[in-house]
Each structure stands twice: as structure tokens, then as C-alpha cells.
There are 4 protein chains.
Amino acid sequence: MAQFEQARGKTLWVIPDGYIPPESSGQMTSHESICVLNFGDLPAKLNITIYFEDREPLENIVETVGGRRTKHIRTAGLSSDGQSIPPGVPYAMTVESDRAVIVQYSRLDSTQAELALMSVMAFPLE
Amino acid sequence: MAQFEQARGKTLWVIPDGYIPPESSGQMTSHESICVLNFGDLPAKLNITIYFEDREPLENIVETVGGRRTKHIRTAGLSSDGQSIPPGVPYAMTVESDRAVIVQYSRLDSTQAELALMSVMAFPLE
Amino acid sequence: MAQFEQARGKTLWVIPDGYIPPESSGQMTSHESICVLNFGDLPAKLNITIYFEDREPLENIVETVGGRRTKHIRTAGLSSDGQSIPPGVPYAMTVESDRAVIVQYSRLDSTQAELALMSVMAFPLE
Amino acid sequence: MAQFEQARGKTLWVIPDGYIPPESSGQMTSHESICVLNFGDLPAKLNITIYFEDREPLENIVETVGGRRTKHIRTAGLSSDGQSIPPGVPYAMTVESDRAVIVQYSRLDSTQAELALMSVMAFPLE
């Protein structure tokens with residue numbers, strides 16, 4: 001599709017409600033995902049920042065999404081300098097990209113016996 | 001309603017978090033739907049592209065939505081050249097339309113015994 | 001709040017994924033709500049249109065939201081000329097208002113024994 | 001991150017569908033949260049207004065979010081002049097901020113035995 005050859009989307013996305021449920025039950029593990037689509041032909045480099053309620057942000061978490069690819073990134077696997085996002089703690093997240101992308105955020109919570117889902121488009125700032 | 005006679009909406013919509021749950025339980029089948037509203041008097045022709053994490057996109061899936069009609073399209077039924085979206089695989093989706101439409105995406109997951117729902121407006125790019 | 005004395009929001013909102021679950025279980029009834037906030041001092045008159053997959057739209061459903069009030073309107077109670085929205089049928093909905101308002105759409109589904117929730121901001125067109 | 005030193009976001013956010021579920025079951029309490037991210041270096045002062053279906057708004061609920069911090073605020077704990085939001089009542093909410101912030105709204109409902117989740121970005125007006 002010729003009209004997709006130029007990258008499209010935004011370069012700064014915000015997710016104010018981040019939370020990794022610390023417990024799971026049944027066959028599905030509680031988790032969150034940042035789902036990114038990169039329309040362009042070249043890889044997009046993401047720089048993720050985690051904001052907390054009571055401490056300095058965790059910065060410079062790096063991920064890459066290939067050209068004409070999506071990546072559904074589990075937040076529990078993110079880390080920077082050996083630090084990762086603690087489960088059971090309210091946080092917020094920003095996703096910067098060096099190329100225009102689209103970002104959606106979804107959470108699956110199976111703390112109680114049957115799973116619950118929520119999803120939002122991240123809020124585009126730039 | 002005279003003010004609806006001109007088609008309204010956008011022509012390129014993005015859904016980064018696509019996923020067909022491979023399992024179901026109870027009376028409801030796990031599924032996703034792309035819900036499209038076409039305000040205009042003439043049919044809208046949709047061209048859907050599926051982006052994956054590790055392979056080339058699946059392109060040129062075609063659907064039509066009649067004028068002054070909605071269509072709630074189950075993703076499991078989409079196909080192009082005999083290829084369809086595999087269940088249990090993270091993907092992303094774009095919906096292009098030759099006329100302005102509005103697109104919402106919803107998922108029902110009944111992998112565990114009671115269903116879960118999520119829904120987002122697709123992200124409008126054009 | 002003086003800065004709220006002028007009405008704010010939009011006058012045409014779209015919800016592509018409408019569906020009244022036909023079954024319920026437990027103590028909560030499956031239902032959808034259109035949740036409207038009217039900032040202004042004067043009542044807002046809503047004109048709701050229901051779009052179907054296979055028949056002409058159901059038009060001219062009228063509701064009123066008082067000034068500086070919210071109204072959470074259950075879709076099952078909407079009617080026009082004795083016609084209402086059939087349960088178990090995919091539909092889409094537009095909400096026009098003669099004054100600027102804000103519209104959110106939520107669904108509670110208790111078809112299977114435990115409830116599921118979904119919610120989206122309606123898509124603002126005007 | 002130098003590019004975040006200027007505060008970013010919006011200063012008036014709207015959530016039309018507010019509701020504090022009056023009942024809970026299992027280990028998780030039904031609740032709603034307003035999740036705010038303050039990018040800036042200085043604290044943001046929030047002024048929250050609650051709109052009802054049948055009475056005057058509850059105004060001047062004040063909260064503060066530190067610079068480079070998030071705050072996930074449970075609505076059940078909000079109060080102004082000794083008045084708080086009654087559970088089991090449909091309401092709407094606005095969040096004004098003296099500095100640009102980003103606001104997301106989420107609800108966990110465990111009225112029936114397994115929890116349900118919903119989440120939306122609040123609607124930005126200013």
C-alpha cells in the first residue's frame with residue numbers, strides 16, 4: 001500500500017493507569033501489554049518512562065518495533081539498568097518513539113477466578 | 001436527517017491490539033468484532049490489513065458496509081487469498097474505507113469460565 | 001464555576017458497537033447506558049438515531065438532560081413511535097444534541113454468571 | 001528528559017460515566033480510580049466537580065499531584081465540606097488542573113463473584 005510508505009501516527013503516547021496485578025488464577029496469567037503498530041518500512045525505537053506515586057521515574061527502557069510490524073509488549077518484562085516495574089503498584093507510562101507509531105494499552109486481570117479485561121488507546125501528545 | 005446526507009467520519013482507522021482468543025467456555029464464543037457505522041447513502045468499501053509480529057502483513061481483505069447501515073464484522077471470518085487471521089497470535093489491524101466511516105473494536109474473551117469484555121474506538125489517522 | 005457557564009463539548013457523538021445482551025444471570029441485569037454530561041445552565045435536547053445491519057434506521061428518539069446535570073440513559077428504555085431497540089441485535093447509535101455535551105457509552109453483560117464491563121468515549125464528530 | 005520539562009497535556013477532563021459499585025465480593029473491593037499523570041516539574045492542583053442526575057453539583061474537591069509523579073485517586077475517598085460521592089448513584093465528573101496533565105478513568109466492579117474492569121481516557125476539553 002503506497003499510502004502507508006510514509007510512517008504515520010504519533011511519537012509520544014501516555015498511559016496514566018498502569019498496574020501489574022500481582023496475582024493470577026486459572027490458566028491465564030494477569031498481565032498488561034503495550035501494543036504498538038509501526039506502519040513505516042523502518043524499525044521504530046521506543047523509549048519508555050515509568051512514573052510512580054512516590055519516587056523518581058524509571059527512565060530509558062528501550063524497545064524496538066520492526067517496520068510493517070506490530071509488537072505486543074508485556075510490561076512485566078520491561079527493565080532498565082536492572083530495574084523493572086514492581087507488581088501491585090500504581091504507575092503511569094509514556095512511550096516515545098523516534099518514528100510515528102500507534103499505541104494501545106490492555107490489561108488482563110485474573111486475580112479472582114475469572115479473567116477481566118480493559119483496554120484504551122494511549123493518549124497521543126505529539 | 002438532512003445533515004447526515006454527506007458521509008462523515010474518517011477513512012483510515014487503526015487497532016494495535018488484535019487477538020483472537022483460541023479458547024471458549026460456556027455458551028458464548030470468544031471473538032473480536034470490528035464495528036463500522038456508515039452514515040452516508042452509498043456503500044463503503046473497506047480494505048483491511050493485518051500486521052503481525054514476525055511476518056509480512058496480510059493485505060487486501062475486503063468488506064462492504066451499506067449506506068445508512070452498521071456492520072459488526074467478526075475478525076475470525078476475515079480472509080484474503082485463502083489466508084485468515086490465526087487465533088492465539090498478537091496482531092494489529094488497519095481499516096481503510098473509500099468513504100468516511102466510524103470504527104470501534106470490541107473483544108469478548110470466554111477462555112475462562114465467565115466472559116470478559118473490552119472495547120476501544122479505533123484510532124483515526126485520516 | 002464561571003468558566004462552565006458556557007456550554008462545552010460536542011453536538012454529534014457516534015457509538016458504532018451497540019448491543020443489548022438478551023440474557024442476564026445473578027443479581028445484575030445486562031444493559032447498556034449512554035452517559036451524558038451537560039455542563040451548561042440550560043437543558044440539552046438529544047436526538048438519538050439507531051442504525052441496523054439490515055433495515056432502515058430508527059430515528060427521532062428524544063431525551064432531555066437538564067443544565068448542570070448528567071443522565072445515564074439505558075438503551076433498552078429508548079423508543080420512538082412505539083419502536084424500541086431489539087435485544088440481541090448488533091446496531092450503532094448516534095447522539096445529536098442541540099447544546100454541547102459529552103457522551104460516554106458503557107455495557108454491562110451478565111449473560112454468563114459473572115458480569116463483564118466495557119466502556120468507550122463516544123466518537124465526537126461535531 | 002529535557003523535552004518533558006514543560007508541562008504537557010490538558011487542563012479540563014470529563015468523565016460522564018461515574019458510578020461507585022455499592023457491593024463487593026471476593027478479595028477485591030469494587031472501586032473507581034481517576035489516574036492522573038503530571039509530566040511537569042511542579043505540583044498540579046486538581047479541582048474536581050461531581051455532577052448528579054437530580055441535584056446540584058458537588059464542587060471544589062481538591063487534590064494535588066506532585067511533579068513527575070502519577071496519582072491514582074479512588075473516588076470513594078473524595079470529599080468537599082464533609083460531602084462525598086454516594087455509592088450506587090450515577091454521576092459524572094470533571095477534573096480541572098492548574099497545570100497540564102493526562103487523566104484516565106478505570107472501574108473495578110466485583111459486585112458479582114468475579115471482578116470486571118472498564119477503562120477510558122477521560123475526554124479532554126481544554
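The values are calculated or read from the model by the stated rules, or taken from the named source; none is laboratory data. Predicted, not measured: the structure shown is a model, and the values here were computed from it. Quick reminder, even Gly has a Cβ in these numbers, built from the backbone with ideal geometry, and neighbours come from all protein chains shown. These area figures cover heavy atoms from the full protein model, side chains too; ligands, DNA and RNA do not enter into them. Shrake-Rupley method; radii C 1.70, N 1.55, O 1.52, S 1.80 Å.
Summary table
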{"read-out": "7 Å along Cα→Cβ, label-point gaps from B:Leu42 to other copies, nm, shortest first", "value": "3.8, 3.8, 5.4"}
{"read-out": "Stokes-Einstein D for the protein assembly as shown, Kirkwood Rh over Cα pairs, 4 °C, 1.567 mPa s (µm²/s)", "value": "57"}
{"read-out": "At 7 Å out from Cα toward Cβ: C:Pro87 inter-copy label distances (nm, ascending)", "value": "2.7, 2.7, 3.8"}
{"read-out": "Loop-located trypsin sites (Lys or Arg not before Pro) in the range C:37-72 whose Cβ has at most 14 other Cβ within 10 Å (DSSP)", "value": "C:Arg55"}
{"read-out": "Hits among aspartates and glutamates - C-alpha to C-alpha of C:Lys45 under 17 Å, sequence gap 8 or more where chains match", "value": "C:Glu59, C:Glu63, C:Glu96, C:Asp98, C:Glu126, D:Glu53, D:Asp54"}
{"read-out": "At 7 Å out from Cα toward Cβ: B:Ala76 inter-copy label distances (nm, ascending)", "value": "2.6, 2.6, 3.7"}
{"read-out": "Carbon plus sulfur fraction of accessible area for the range D:2-121, probe 1.4 Å, in percent", "value": "43"}
{"read-out": "Percent of C-alpha pairs per 5 Å bin, the range A:2-121, short to long", "value": "2, 11, 21, 22, 17, 13, 8, 4, 1, 0"}
{"read-out": "Summed buried accessible surface, chains B and D, 1.4 Å probe, nearest 100 Å²", "value": "100"}
{"read-out": "Probe 1.4 Å, protein heavy atoms only - accessible area per residue of chain C in square angstrom", "value": "36"}
{"read-out": "Relative contact order for chain B, counting Cα pairs under 8 Å that sit 6 or more residues apart, in percent", "value": "40"}
